[in-house]
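As structure tokens, the structure follows; a few thoughts come after it.
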Amino acid sequence: MTEHSGHEMATGIGSPLRRKETERFVLGAGTYTDDVLLANQAYVAFVRSFHAHAAIRGFDLDAARTVPGVLGIFTSEDWSSVLGVGAQVGRHERQAEGGREGTPRSPMASGIVHSVGEIVAVVVAESRYQAQDAASAVGVQYEELPVVLDPEAAMQPDAPLVFEDRPNNIMVEIHFDVSDGKSADETFLEADQVASARLKTQRIHALAMEPRAVVASYDHVADEVTVWLSSNGVFGLRSQLAGVMGLSETKVRVINPDVGGSFGGKNGIYPEEIILPVLARYLRRPVKWAEMRTEHLAVMRNGRDQTHYVELALRADGRVLAMRDRMIADLGANTGPNVSMTAASLYLTGPYDIQTYKVDAYAVATTKNSHGSVRGIGKADASFVMERTMNIAARQLGIDPTEIRFKNFVPEEKFPYRTATGAMLDSGRYAECLRKAMELADYERLRREQPELNERLTVKRGIGVSFAIEPTGAARRGQGGGYGACRLKMELSGVISAYPAGAQQGQGHITTVSQIVADRMGGSPDNVHVFEPDTLVTPVGAGAGSSRTSQTVMPAVLVAANQLRDKILRIAGHRLGVSPETLRLEGDVVRGAQRQITLREIIQIAYQDVDRLPPGEDPALEVTGYFINTNHVYDRDELGRRNEFSSYPYEAVIAVVDVDTETGVVEIVKYVSVHDCGNMINPRIVTTQHMGSIAQGLGTALYEEVLYDEDGKLLTGTFMDYLLPTAQEIPPLVLGHTVTPTPFTPLGAKGAGETGTISAPCALGNAIEDAFGGAIEVRYPPYTPERVLKAIQRSQAVATGGASRG
């Protein structure tokens, strides 16, 4: 890595460089999709269902057509006959886990709506407000159908069907039954203790700062379409659009301008992203749609929402012998497969050495909004179940919650460690990480002081422990994600243009890409210009998601930077008559022991005086680097085992809370997090990412939940009803790091964006129950004052013989 003098600010790999892109955003100079303004641009608004399940019986478009500025109103009947699209649009889903293929559907509801917010018609007008007015004037006649809201009830044979072409509402099933000897069922029969619980994760939003937006234009002479959108990548949409519109992929260009966050919510393809390019071609003019926040809350895919019936078989000393789980995942109005359920079933055993494991998992359709990715998809559910159950087991055995974890951690000498489901945990020093968290929290003192503090009548002190792993860098058969790419070009001026195959959504990728290139080139990150994802110039890649950029794209940047540096040194060596190995690149000069040559001279040779190139050397200073992460096992073995993720960062949390027994209010007294994401390319960015992740996790733990009424209507459609934490609700954070590099990438870095989100609901739930010595049960976040108070009242009723625990 680049060395710097003491007075010089470090800028290479591992340096806490400030984000290059921050000033532009703070000054309001970012260019988001809604900032794209094209000549003669029209605007789109969508008519959405306000029923959760209903048959469409007809439309009344007369009033809407009289609204000034209306250019067209379209329903699903117009998709092929008027708009000229001959194929239906799939949901970008593929076969998985023996589940059914995602059903191809029109991007507008045809015949039946399956959730509130589903598109039933689209309006195009000269202005945004004219389009919205006309959409409000569209009349739709519905015949309501039975709603399906409870996934467990939806599994019953006599339950109403969500999708009329399916035999039942179970869309996907996963079954594991693996052991290192006796079966799981036999092991449970011989266990000293069995800890069991019903645990549920609530339905939540990703809620990026920028809602979704799409701009599409069509060049009828060239028969080419260009799309700008706020998403996690560009190549998936290009392929789908080419198929739907009957175009070659070379005729479809997709661009990600600045993206104001995603947190998983912008992963995959949405119907609007297909509809707008089709409309642009039909109307032969550009069209724009920018999502309103109320739309965003209604139709942005939701996350979590799993119910688990979990059991641990235990020895009396706390060693876990086996795990069993029955999992029900609420898909909403989706036909599967479900990455959330897959990830949860693969990683339930977490950081623990448990080789006997059985799970029966079901993804069930309901008439709620469609399920999808939200930060920590599936991994958060798995950690919640494991970490809450470990505390329940510790309490049942009468041992400290840290002791049961130390007893069951995968030991350092076993890494890389293959779990019962085939996941290959790359590296870890779990015990060291938890000990450091305990030291930062002064855990022993907290435990000594707790009994005296809990003599108080109205406030109880609780201490929660959790330890979460974060599988990162997903890659799946037929879906990609296992490699990264980056193109680098040194311009004639010496500036380096970088085209990484990964979306930038606020993670700081522009800065880290610049750092890696500058480190290898011996120059300044300011000399590197990182371009937005654009299918015209960017190498093909999987896009952002699953914290995979550090696992694939950043190593590819390193490979490309090394290639570019080595080519420069070869040209310099040939010109100076010395071996390239004796030279070093330092900014604008290549230096040897006796002689030197300027970078400007090398650029001139590469682009102009090509007769001076070394024999066999190609002209120009342009390279493309690729990196394949080898820690993936794509195909399942006979027991269903494989490894979908390439690295496994982790976090230990000690959370201290005070619970008001009269109001149920939970106050966070101390929150300690020790995080290990391997080598940090930029520690400053890692820290701020982790702090934001914790804040999102605290929102999940204490505030956020998507709720529906008995008719399937959304109850949390505004920020008055769907609560988010503000800066005032985030407590002071005590942060620490351990560093355990992954052996599977040259940078040694792991993903760094999700453990904070994953851990908070585990640690705070454990802390709340600990405050009452296990006398209350809070197994379903968010831990709102109402929920906590009801749990206290149930406990008091049980203590007086008035009710059973619920």
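The values are calculated or read from the model by the stated rules, or taken from the named source; none is laboratory data. On a predicted model such as this, the values are computed, not experimentally measured, just so you know. Backbone-built Cβ (ideal geometry, glycine too); neighbour counts: all protein chains shown. What goes into the accessible areas is simple: the full protein's heavy atoms, side chains included, and nothing from ligands, DNA or RNA. Shrake-Rupley method; radii C 1.70, N 1.55, O 1.52, S 1.80 Å.
Evaluated against (1) within 31 Å of the chain's Cα centre (by Cα); (2) more than 30 Å from Gln793 (Cβ to Cβ); (3) part of a helix (DSSP H, G or I), Ala420 falls short on exactly one condition, (3).
Could you list, in sequence order, all residues of region 741-779 that are among the small types (Gly, Ala, Ser) and surrounded by fewer than 24 Cβ atoms within 10 Å (Cβ to Cβ)? Answer for region 741-779, where residues must be among the small types (Gly, Ala, Ser) and surrounded by fewer than 24 Cβ atoms within 10 Å (Cβ to Cβ): Gly748, Gly773, Gly774, Ala775. Put simply, of Ala87, Ala52 the only residue that is at pLDDT below 90, within 30 Å of Pro337 (Cβ to Cβ) and either open to solvent by less than 40 Å² (accessible area, probe 1.4 Å) or not aromatic (Phe, Trp, Tyr) (or both) is Ala87. Note on region 224-323: enclosed helices (runs of 4 or more DSSP H) holding 1 or more residues that are open to solvent by 10 Å² or more (accessible area, probe 1.4 Å), at pLDDT 95 or above and more than 24 Å from Ala125 (Cα to Cα) are 235-245.
Being in contact with a Lys or Arg (Cβ under 7 Å, 6 or more places away or on another chain), hydrophobic (A, V, I, L, M, F, W, C) and at pLDDT 95 or above is true for just one of Leu564, Leu536. Which residue is that? First the steps, then the outcome.
On the way: Leu564 fails: in contact with a Lys or Arg (Cβ under 7 Å, 6 or more places away or on another chain).
Unique residue meeting the criteria: Leu536.
Is it the case that Val147 is in contact with a helix residue (DSSP H, G or I) (Cβ under 8 Å, 6 or more places away or on another chain), open to solvent by 10 Å² or more (accessible area, probe 1.4 Å), in a loop (DSSP other than H, G, I, E, B) and closer than 18 Å to His371 by Cα? So Val147 does not fit the description; no.
Applying the criterion of at least 3 residues that are closer than 26 Å to Gly372 by Cβ to the strands (runs of 3 or more DSSP E) found wholly in region 465-558 leaves 483-490. Within region 34-44, one or more residues are at pLDDT 95 or above, closer than 21 Å to Gly117 by Cα and in contact with a strand residue (DSSP E or B) (Cβ under 7 Å, 6 or more places away or on another chain).
Suppose the filter is of a type in the set (Lys, Arg), loosely packed, with under 14 Cβ neighbours inside 10 Å and without any contact (Cβ under 8 Å) to a residue 60 or more places away in the chain; does Arg570 pass it? Criteria not met by Arg570.
Just to verify a result, which residue in region 579-618, among those that are among the basic types (Lys, Arg) and within 15 Å of Lys567 (Cβ to Cβ), is least open to solvent (accessible area, probe 1.4 Å)?
Initial filter on region 579-618 (among the basic types (Lys, Arg)): 584, 591, 595, 600, 612.
Cutting the leftovers down to within 15 Å of Lys567 (Cβ to Cβ) gives us 584, 612.
On the way: Arg584: 122, Arg612: 101 Å².
Looking at the filtered set, the residue picked out is Arg612.
Note on region 426-485: residues that are open to solvent by 40 Å² or more (accessible area, probe 1.4 Å), touching a Gly at 6+ places or on another chain (Cβ under 9 Å) and under 18 Å from Thr738 (Cα atoms) total 3.
Applying the criterion of being surrounded by 22 or more Cβ atoms within 10 Å (Cβ to Cβ) and of a type in the set (S, T, N, Q) to the residues of region 512-534, the residue that is nearest to the chain's Cα centre (by Cα) is Thr512.
The C-beta contact set for region 359-374 (first residue assigned to a loop (DSSP other than H, G, I, E, B), second residue among the acidic types (Asp, Glu) and buried (at least 24 other Cβ atoms within 10 Å of the Cβ), distance under 7 angstrom, 6+ apart or interchain) comprises Thr366/Asp330; Lys368/Asp330.
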